[in-house]
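The values are calculated or read from the model by the stated rules, or taken from the named source; none is laboratory data. All figures in this text were calculated on a predicted structure; none of them were measured in a lab. Every residue, glycine as well, gets a Cβ built from its backbone with ideal geometry; the counts of neighbours run over all protein chains shown. Note: areas computed on protein heavy atoms with side chains; ligands, DNA, RNA excluded. Shrake-Rupley method; radii C 1.70, N 1.55, O 1.52, S 1.80 Å.
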Amino acid sequence: MKGAENSLDQRFADAMGQLLGPDFPSDIALAVSGGGDSMAMLTLAHNWTRVWGVTLWVVTVDHGLRPESVDEAAIVAQECALLGHKHATLRWHWDGKGNVQDEARKARLDLIDRWRGALRHVLVAHTKDDLAETFLMRLKRGSGVEGLSAMQERRLYRSSDHLEELRAGEFEGDLPPQTDQSAGQRSYEILRPCLSMTRQELRHHIKVLKTPWAEDPSNEDRKYDRVKMRHLLRDLEPLGLGVDLLAGTAQRLRRAQEALAQRACQVWREIGSEGVANGRSTGDLLLNRDGFAGVERDTQLRLLAAALQYVSTNPYRPRETPLEELLDRALAGGGGTLHGCELRAERENLRIFREEKALISCQSTVGTPGLWDQRWRVFHPDMQGLTIRALGDAGWQSFENKREATVPYHAARSLPSIWDGNRLVACDALGIGPGKTSQLRPMGRQSHSFTRFLLSH
């Protein structure tokens, strides 16, 4: 038994070596919920830090969705005090809008981002069981290689352009060393060192060590798809379709996905371009129609899906069925809308651009922190207080040199523009105003090409 425990510690150390070694950071964050998997990761990380001298900063996000969550955060805090690690609890209150699980996930990442300060790495306790459960969930949705591929052991989370400070009531406990959010710090890596370990192994580990943990009752609530898949796995195991096989398949599909991504990049370099007008980016993507038509279908779908994500800044890939339908319309010379974007077949190119209807309520004020439409920095010192909105029909009609425009009407309507009441005063892509009033910040970054996006997504 002792050998088995040492083996698990060694596997964790090997995983950390592959993720970060040999020059480990001096400090690292650990996201611990109080459940069995994350508490096991805490004990493994504790043993690992004693060897490598890394300081652990443990964080628990209390989503406030269950009365027990307060006690679960307290369990983590007590164990950290016993082990000698600093701990913080971050609290979130759902406003009742959107899908609660999706909103909780985004809130968790955002709260950790605002708490972490100078820390660049956050460990989470996803396991081999999570790989298998996710595989079945995606299989149920009819996903292809992209969706069925295993989650990555490391993932870069890009911070928003302007991070808010933690407010009163959101934070309790220890705060890591802080830093100004310079360009080099506006991201952190999520690391998953337990993906080769099963939930059963981790539970056995903490039982042997008599480490406390909390059981989330929602883990047995079959209204959630993940719980349904968890129970299904128990039935599939005797048939040879268990966690190891499904997780292994997902890992092999990840390798295939990486090769397909390289192929998509090659095709993009040959037939694709990013839209430019008057020397300024328009935020559109263009694919040569003849070149695109001659490419294998999987690469067509991959390029189209990535283009829709990139232009809309949506973190999720479009569902396969509507994506295939849009591709068929594009190849037939038509177009359509999907994912907050519009696709049009022009004479030589397929153009993917932001759908104007998706921007109807997207207004801001010059000088307000943050990005317009999550991807444009719009500013001019002489225009502070004026309105930022999509160009729209009104803006296009007020533009006198329509014949000289290098961006077509259907795409121009979603361009960022600055207004003084009902008067258009600036739109860089159409040459209106002083120029240099808008800068494209794709995915929240000052420089991020579509090629890099293809490889990282």
- Item | Under Karplus coefficients 6.51, -1.76 and 1.60, residue-wise ³J(HN,Hα) of region 99-114 in Hz, glycine/proline x | 6, 4, 5, 5, 5, 5, 4, 5, 5, 4, 5, 5, 4, 4, 4, 6
- If the cut-off is 14 Å between C-alpha atoms, which aspartates and glutamates fall inside it for Lys357, apart from same-chain ones fewer than 8 positions away? Glu342, Asp373, Asp393
- Query: Computed from the mean reciprocal separation of all distinct C-alpha pairs, what Kirkwood hydrodynamic radius does region 254-400 have, in Å?
  - Reply: 16.8
- Message: What is the distance in Å between the Cα centroid of region 203-229 and that of region 360-406?
- Response: 50
- Note on the structure: For the Glu103, Arg403 Cβ pair and Förster radius 51 Å, calculated FRET efficiency rounded to 0.05 is 0.65
- Quick one: length gained pulling Arg423 to Leu232 fully straight, 0.36 nm per residue minus the C-alpha distance? 62.7 nm
- Karplus ³J(HN,Hα) for region 201-210 (6.51 cos²θ - 1.76 cosθ + 1.60, θ = phi - 60°; Hz, whole; x = Gly/Pro) runs 4, 5, 5, 4, 4, 6, 5, 4, 7, 6
- Per the 1/(1 + (r/R0)^6) rule, R0 = 51 Å and r from the Cβ atoms of Asp290 and Ala81, FRET efficiency to 0.05 is 0.20
- Item | In order through region 32-46: 3J(HN,Hα) via Karplus (6.51 cos²θ - 1.76 cosθ + 1.60), integer Hz, x for Gly, Pro | 10, 8, x, x, x, 5, 6, 5, 5, 4, 4, 5, 5, 5, 4
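With the Cα gyration tensor of region 195-287 giving a ≥ b ≥ c as the square roots of its eigenvalues, does the rule (a/c under 1.5 for rounded; else a/b larger than b/c for prolate; else oblate) give rounded, prolate or oblate?
Prolate, because a/c is 1.5 or more and a/b exceeds b/c.
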- Dipole of the chain, positive end: most advanced residue of Phe379, Thr337, Ala40 [Cβ charges, Cα centre]: Thr337
- Task: Using only the C-alpha atoms of the chain, find the volume of their convex hull and express it per residue in Å³.
- Result: 164
- Task: Tally up the carbon and sulfur contribution to the accessible surface of the chain as a whole percent, 1.4 Å probe, everything protein left in place.
- Result: 48
- Note on the structure: Nearest 10, in degrees from 0 to 90: the angle of helix 243-271 to the longest Cα principal axis of the chain is 20
- Which value at 222 nm does the chain reach when only helices count, each DSSP H run of 4 or more adding -39,500 (n - 2.57), with the total divided by all residues and rounded to the nearest 500 deg cm²/dmol? -13000 deg cm²/dmol
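R0 = 41 Å: FRET efficiency of Ser187 with Ser7, Cβ-based, nearest 0.05?
Values: r = 34 Å, r/R0 = 0.83.
Efficiency, rounded to the nearest 0.05: 0.75.
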- Query: How much net charge surrounds Leu131 when only the other residues with a Cβ under 13 Å from the Cβ of Leu131 are counted, with Lys and Arg +1 and Asp and Glu -1?
  - Reply: +2
- Between the Cα axis of helix 297-312 and the main Cα principal axis of the chain, the angle (0 to 90°, nearest 10) is 80
- When the Cα centres of region 272-344 and region 74-112 are compared, how far apart do they sit, in Å? 37
- Met151 paired with Asp298, simple spin-label distance in nm, labels 7 Å along Cα-to-beta-carbon: 2.5
- Item | Glu346 versus Cys362: modelled label distance in nm, points set 7 Å from Cα along the beta carbon direction | 1.9
- Message: Using the basic label-point model (7 angstrom from Cα toward the beta carbon), what is the His410 to Lys207 distance in nanometres?
- Response: 6.2
